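In what follows, a structure is listed as structure tokens, so that the remarks can point back to it.
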Amino acid sequence: MPYEVERTDEEWKSELSSDRYAVLRKAATEAPFSGSLLHVDAEGVFRCGGCGQRLFTSAQKFDSGCGWPSFDECEAGTVIEREDRSLFRRRTEILCSRCGGHLGHVFNDGPTATGLRYCVNSLAIDFDKNSD
């Protein structure tokens, strides 16, 4: 699928840290409870770590206890879902709609009215405090 932001694998490697590259471009997962954005509760915006697209707001974030930043919805049109059958189970992977970066997975077990839990790697996103 073509994305608005396209780079070669070598370009991504040169722009991203090795850990961030592994998550965003190779669908790796950071260890639970290790991410720098897990306990962020300030007002602001969470953006894709690859292209800067606005993905989530602090109002959408909640503590799910799962070990990764969790959100009950995303900003409209910013996340693409696709089936993931890795690890011998069926899950729904979430990707940035602008650059195709792997963000994490979405589950239908969220506690809010949406019923969703977007489980996102801290390495896949950046936080802009008080940003719109």
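Got a sec? Which residues in the range 84-124 would a label at Asp19 touch, if it sits 7 Å along Cα→Cβ and we count backbone N under 14 Å? Residues 121-124 fall inside that zone. Sequentially through the range 27-40, phi angles give Karplus couplings (6.51, -1.76, 1.60; θ = phi - 60°) of 6, 6, 10, 6, 4, x, 6, 9, x, 5, 9, 4, 9, 5 Hz, Gly and Pro residues having no value and appearing as x.
D by Stokes-Einstein for the chain, Kirkwood Rh over Cα pairs, 20 °C, 1.002 mPa s: 145 µm²/s.
List the lysines whose alpha-carbon lies under 18 Å from that of Lys129, not counting same-chain residues fewer than 8 positions away? Straight-line reach from Lys129, under 18 Å: Lys61.
Cysteines in the chain lacking any other cysteine Cβ under 4.7 Å from their own Cβ: Cys66, Cys74, Cys119. Here is how the number arises for the chain: DSSP H runs of 4 or more residues each give -39500 (n - 2.57), the sum is divided by the residue count, and the result at 222 nm is -3000 deg cm²/dmol. Taking a straight line from the alpha carbon of Lys26, these lysines sit under 21 Å away, with near neighbours fewer than eight places off in the same chain left out: Lys13.
Values quoted throughout were computed directly from the atomic coordinates according to the rules given, and no laboratory measurement underlies them. As the structure is a computational prediction, the values presented were derived from the model and not from experiment. Neighbour counts are summed over all protein chains in view; Cβ atoms, including those assigned to glycine, are modelled from backbone coordinates with ideal geometry.
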